[in-house]
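The values are calculated or read from the model by the stated rules, or taken from the named source; none is laboratory data. Remember, predicted model here, so these are calculated numbers, not experimental data. When we count neighbours, we look across all protein chains shown, and the Cβ atoms used for this are built from the backbone with ideal geometry, even at glycine. Remember, those area values only see protein heavy atoms, side chains included, never the ligands or the DNA or RNA. Shrake-Rupley method; radii C 1.70, N 1.55, O 1.52, S 1.80 Å.
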Amino acid sequence: MEKYTEGMNFASNVVYEYGEPLSANKLQKLTYKHLRENIGLLSQMSCNVARQVSGAYKSLQEQIEKGKAEWKQIEFEPTNIKFSYRRDYKINQEKLSITTLDGRKEYEIINYSYAKQYFSDEWKYLASELVEHRDGEYYFHLSCEREVEEKPMEEASNFMGIDVGINYLAVCTTTDKNQAFFGKGMAKDLRKTYKKMRERLKTKGTFSALKRLKALSGKEKRLMKQHNHKVSKEIVEYAKEQNVDVIGMEDLTNIRDNTEVRKRDRYCHESWSFKQLQKYIEYKAKERGIRVKYVDPEDTSKTCSRCGHINRNNRRGLDFKCQSCGYELHADLNGARNIEHRVKDFRHDLESQGSCQPPDVDANETTSA
Ligand SMILES: [Zn+2]
């Protein structure tokens, strides 16, 4: 890994000096000889280095175009290394074998009884990474994908709207008006606990306090991630029980961190955790053959899910009361109902346009685990 990183940093310097991103091919031509002869990397590793470094500078360039970064030399740390399937890693029975500078090495796969579900013919293996974890141990992250059958949009009849938020991580409601609430207070409690700890450390203001502050935010993120994994699993189980064909969620891409979410829920909660939960729901749903569709989030919390009246005053904290028709229900459930309506409308629009083809090119989509 150290040699590999040395190679990465060499290639990184080449791109930096060149002054703009280079394609993987071009970079490979410029670095291959040095990587092989002077650093001692194997042929495949040298190709991976060029591809990975080229990709990193392309992302940097995108950040620069958005005004979020400046041209700089990217430094790589010896914390991860990429392997290509068949070329430099293989799975044999219960063992993983990887190519190293000291030849081929085999390792037992931990927790094989769990992992073996991914070792059937339907799964394809992708480039995978060896990663140094926080505990100092090295783990191989095997990436795999398989084709899943998704029911075509025109055959969809049962929809589920999911509203993600701070009071409940998620509120779900189906076309048949079955509903479920998940993760009550989980995000809020986590926030509260860590907010207190953060405030204490901030008033201290010492160097070690600041260091602990940083560690704390990492820990909070990891706990949130665990919650999101658990809840997304439960939600998809529920969707499966309810025979849901399509899950609808709000498209939060334009919701910026903090500010707009704070308005939305009156709590400082970063939108990354909402987006993360949605992403987990999405891939777990796709694995089970449930389609996912993102809808316009505008006014979902202010619109009456019964009569469609839009009014800022419809919502008071957790209570929704329509100023026009008097309909009352839990505010997040009202939001979820509106999301369900929007995804159902989307399908009806397709039908009325005479074309009910799914928006994606192909009904079979790829999912990764
Ligand atoms: Zn109403």
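Here are the numbers for the structure shown:
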{"quantity": "Net length gained if the chain between Thr206 and His309 were fully extended (0.36 nm per residue, minus Cα distance)", "calculated": "31.8 nm"}
{"quantity": "Whole-angstrom gap from region 205-240 to region 32-56, using each part's C-alpha centre", "calculated": "36 Å"}
{"quantity": "Dimensionless Rg/Rh of the chain - Kirkwood Rh, Rg from C-alpha atoms", "calculated": "1.02"}
{"quantity": "Normalised alpha carbon radius of gyration of region 2-78 [divisor 2.2 N^0.38 Å]", "calculated": "1.05"}
{"quantity": "Sum of side-chain charges, Lys204 neighbourhood, beta-carbon under 12 Å (Lys, Arg +1; Asp, Glu -1)", "calculated": "+4"}
{"quantity": "Those aspartates and glutamates that a straight Cα-Cα span of less than 18 Å connects to Lys124, excepting residues fewer than 8 apart in one chain", "calculated": "Asp88, Glu94, Glu145, Glu147, Glu149, Glu287, Glu365"}
{"quantity": "Within region 286-348, chymotrypsin sites (Phe, Trp or Tyr not before Pro) in DSSP loop having at most 16 other beta-carbon neighbours inside 10 Å", "calculated": "Tyr327"}
{"quantity": "Selection of GluC sites (Glu not before Pro), region 129-198, meeting DSSP coil and at most 15 other Cβ within 10 Å", "calculated": "Glu137, Glu149"}
{"quantity": "Nearby aspartates and glutamates by direct alpha-carbon distance to Lys95 (threshold 14 angstrom, same-chain neighbours under 8 apart not counted)", "calculated": "Glu106, Glu108"}
{"quantity": "Euclidean distance of C-alpha centroids, region 294-355 and region 140-181, integer Å", "calculated": "18 Å"}
{"quantity": "Filtered chymotrypsin sites (Phe, Trp or Tyr not before Pro), region 1-75: DSSP coil and at most 13 other beta carbons within 10 Å", "calculated": "Trp71"}
{"quantity": "Residue-normalised accessible area of the chain, given per residue in Å² at a 1.4 Å probe", "calculated": "57 Å²"}
{"quantity": "Flagged links, alpha-carbon separation over 27 Å, of Lys68/Lys192; Lys66/Lys284; Lys184/Lys219; Lys116/Lys230", "calculated": "Lys68/Lys192; Lys66/Lys284"}
{"quantity": "Net charge of neighbours whose Cβ lies under 12 Å from the Cβ of Asn311, counting Lys and Arg as +1 and Asp and Glu as -1", "calculated": "+4"}
